[in-house]
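Each remark here refers to the structure printed beneath this line.
The values are calculated or read from the model by the stated rules, or taken from the named source; none is laboratory data. Just so you know, these numbers come straight off a predicted model, no measurement behind them. Positions of Cβ are generated from backbone atoms using ideal geometry, with glycine treated the same way; all protein chains shown enter the neighbour counts. Surface accessibility is based on the protein's heavy atoms, side chains included, excluding ligands, DNA and RNA. Shrake-Rupley method; radii C 1.70, N 1.55, O 1.52, S 1.80 Å.
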Amino acid sequence: MPTECIPYSETGYFSPLMCDYLAETNTLKPFYNRFPKLENFEAQIKEKQQSSLTDASQRAVLVNALRQQYKGVNASEATLKNIEKLAANNTFTITTGHQLNLFTGPLYFLYKIISTINLTTTLKEKHPNYDFVPIYWMASEDHDFDEICYFNYKGKKIRWDREASGAVGELSTEGLSEVLEAFSKELGTSNNAKYLQSLFEDGYVKHDNLTDATRYIANELFKRYGLVIVDGNDASLKQLFIPFVENELFQQTAHKKVLETAENLTKVNNSYKIQVNPREINLFYITEGVRERIIEKEGVFTVNNTSVRWNSEQIKQEVHAHPERFSPNALLRPLYQEIILPNLCYIGGGGELAYWFELKSYFEAVNVTFPMVLLRNSAVVKTGKQSEKMEKLNISNRDLFLKRDAFVNKKVKELSVIKIDFSSQKEHLQQQFKDLYTLAEQTDKSFVGAVAAQEKKQLKGLQHLEKRLLTAQKRGLKDKISRSTELQELLFPNNSLQERRLNFSELYLEYGETLVPTLVEYLQPLSGEFLVLEL
């Protein structure tokens, strides 16, 4: 199957921070623990083993929580075995996380999970005495419904319109049967379309809340690979988080350390974008239909936009009585993950890694091992027909990554190599007629007029032909440019990466059940390169 790997730094789609990280620039090394090379994992394993957060009692809490979360789930034997393996001190996790986007959202959802699965496979081959479990962490406590309520399908938005508040994972799936009806009309009636319809229906119509629905769909897509799906919105897991919640409320260590690190990061390179700014308290309070920030002022703690308030002793009692009500924000969630999981590496997109770089000194301050952080795989998938069109239009894989104006300019220059200019032909014709004029003068001067008329006629014919050819070239050039830009638009919609615009359903409709196994075969998480894949 034809593929090409392109270094991320040569695509034009990755930030200076990501490019410098992948190049292992020395000035960035203070902001992470170990670079994710295969040879560095052994040291990460040793460090994680020494942490009290991976002792037997901690692992038991995790395993018991997962057993409860998987009740009623059609889990594979591989997944159930992986859950049980987490009780052993020689088992570690590789983790990715994602929002509960409708029908998985953008295509890169698949790439994140496949990167995670493939890295566990690679590590098991390298370290056969250890076990490695792929984890998908559901961001079930998020409250940004507008970010997750739709997915793109063939240029249209399939949207779930409803009012929403509180943690998205707790949202009822009511109303998604209407979304299924609209989606089904777009899909058609092929066998692959029928599978997608049943997956959507079994996930969203037959489950009561968004967490259960998302778990079902992710499990169906990846259960054969032993993927374990974790819902952090869990009372027993939050028990492990209590000491760190108290630190956040009373010492506010995250605010101090992350501000300091963010400032140091911009000193390294002022082009580095600060991904997230810390608040004094990076926690939300969750009750039914409510997820609001906790604010402290002069020893009084309040929940934003509510009448809830506590003094220091009262909020401490609330933390111990109901830890599940205290929800980490995007900045604190990485810490929560690393507390409850025996994790070696987090795999995420460029934006996610950018905020991990702000956290290392905070992790050190609260004595939690900082994981390795790995940029997830990125890919563009094209069909055989699209590859044939690219060849006919002389478009390389690298051309596709050019921004639209640069792409058009490059194609115009390439296609304008042949210059239509009949000047030399006209000069040659005029020279021939000079000889004819001489011959007419010498033979019969009355023929000079006839020669002049013929010269005029033939020059006019050349000029007419030149004009027609120029018009045809412009027309042909416009057609080729148009066909070239249409093809680029299909593979890079709206001048954006395909993986950010497409939903997996478009590819599944084309490739069916071979889609996921093929991606698993070709996505290599430690490659450090962008994959162009022809399916």
Limiting things to C-alpha atoms, what are the Rg and the maximum Cα-Cα separation (Dmax) for segment 252-307, in angstroms? 14.8, 44
With a 1.4 Å probe and every protein chain left in place, work out the accessible area per residue of the chain in Å², rounded to a whole number. 47 Å²
From phi via Karplus (6.51, -1.76, 1.60), per-residue ³J(HN,Hα) for segment 194-206 in Hz, x at Gly/Pro: 5, 5, 4, 4, 5, 4, 5, 5, 5, x, 9, 7, 9
Of all GluC sites (Glu not before Pro) in segment 475-535, the ones in DSSP coil with at most 13 other Cβ atoms within 10 Å are none
In debye to the nearest 20, the charge dipole size for the chain, taken about the Cα centre with +1 at each Lys and Arg Cβ and -1 at each Asp and Glu Cβ, equals 2000 debye
Amide H neighbours of residue 100 at under 5 Å, excluding residues fewer than 5 places away on the same chain, with H built from the backbone geometry, are 139
Rounded to whole angstrom, the alpha-carbon centroid of segment 295-373 lies from that of segment 112-179 at a distance of 21 Å
Rotationally averaged projected area of segment 217-286 (alpha carbon convex hull; nm²): 7.8 nm²
In debye to the nearest 20, how big a dipole does segment 1-119 give about its Cα centre with +1 on each Lys and Arg Cβ and -1 on each Asp and Glu Cβ? 500 debye
Give the residue from 372, 346, 383 lying farthest towards the positive end of the charge dipole for segment 343-419; charges sit on Cβ (+1 for Lys and Arg, -1 for Asp and Glu) and the dipole is referred to the Cα centre. 383
Tell me, Kirkwood radius of segment 184-322 from alpha-carbon pair distances, in Å? 19.1 Å
What does the charge count around residue 130 come to, taking other residues whose C-beta lies under 13 Å from its C-beta (Lys +1, Arg +1, Asp -1, Glu -1)? +2
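Once fully extended, how much extra length lies between residue 448 and residue 429, figured as 0.36 nm per residue of separation less the alpha-carbon to alpha-carbon distance?
So the extension gain works out to 5.2 nm.
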Residues meeting the amide H criterion for residue 382 (H placed from the backbone, H to H distance under 5 Å, 5 or more places apart or on another chain) are 533, 534, 535
Protection proxy (average C-beta count within 10 Å per residue), highest first, orders 386-396, 154-164 as 386-396, 154-164
Given bins 20 angstrom wide, list per bin the percent of all Cα-Cα distances in the chain, short to long. 19, 46, 20, 8, 6, 2, 0
With unit charges on the beta carbon (Lys/Arg positive, Asp/Glu negative), name the residue among 356, 429, 272 whose Cα is farthest towards the positive pole of the charge dipole of the chain. 429
Can you order the peptides 351-362, 133-144 by their average number of other Cβ atoms within 10 Å per residue, highest first? 133-144, 351-362
If amide H atoms are built 1.01 Å from N in the plane of the peptide, which residues on other chains or at least 5 residues away come under 5 Å of the amide H of residue 229? 136
Once phi for every residue in segment 423-429 is put through the Karplus expression 6.51 cos²θ - 1.76 cosθ + 1.60 (θ = phi - 60°), the whole-Hz ³J(HN,Hα) values, with Gly and Pro written as x, are 4, 5, 5, 5, 4, 4, 5
Step through the residues of segment 493-500 one at a time and calculate ³J(HN,Hα) from phi using the Karplus curve (6.51 cos²θ - 1.76 cosθ + 1.60, θ = phi - 60°), rounding each to whole Hz and writing x for Gly and Pro. x, 6, 6, 10, 5, 3, 5, 8
Principal axes first, then extents: for the Cα atoms of segment 321-367, list largest minus smallest coordinate on each axis, whole Å, largest first. 37, 21, 19
If you line up the long axis of helix 176-187 against the longest principal axis of the chain, both from Cα atoms, how many degrees apart are they, to the nearest 10? 20 degrees
Could you check how much of the accessible area of segment 455-535 is carbon and sulfur, as a whole percent, using a 1.4 Å probe? 50 percent
Angle check, please: helix 235-250 long axis (alpha carbons) against the longest principal axis of the chain (alpha carbons), in degrees 0 to 90, nearest 10. 90 degrees
Cross-link reach list, aspartates and glutamates versus residue 457, counting only Cα pairs under 16 Å and skipping chain neighbours closer than eight places: 427, 466
Quote the convex hull volume per residue of segment 1-133, based on C-alpha atoms, as a whole number of Å³. 179 Å³
Given a Förster distance of 25 angstrom, what is the FRET efficiency for residue 71 paired with residue 321, based on the Cβ-Cβ distance and rounded to 0.05? 0.50
On alpha-carbon atoms, Rg over Rh for segment 370-467 using Kirkwood Rh? 1.47
Let me know the Rg and Dmax you get for segment 114-238 when you use only its Cα atoms, in Å. 16.9, 51
Of all accessible surface on segment 210-298 at a 1.4 Å probe, what whole percent is carbon and sulfur? 42 percent
37 °C / 0.692 mPa s Stokes-Einstein diffusion coefficient of segment 333-392, Kirkwood radius on C-alpha pairs, µm²/s: 235 µm²/s
Quote the charge dipole size of segment 107-235 about the Cα centre in Debye, to the nearest 20; the model charges only the Cβ of Lys and Arg (+1) and of Asp and Glu (-1). 840 debye
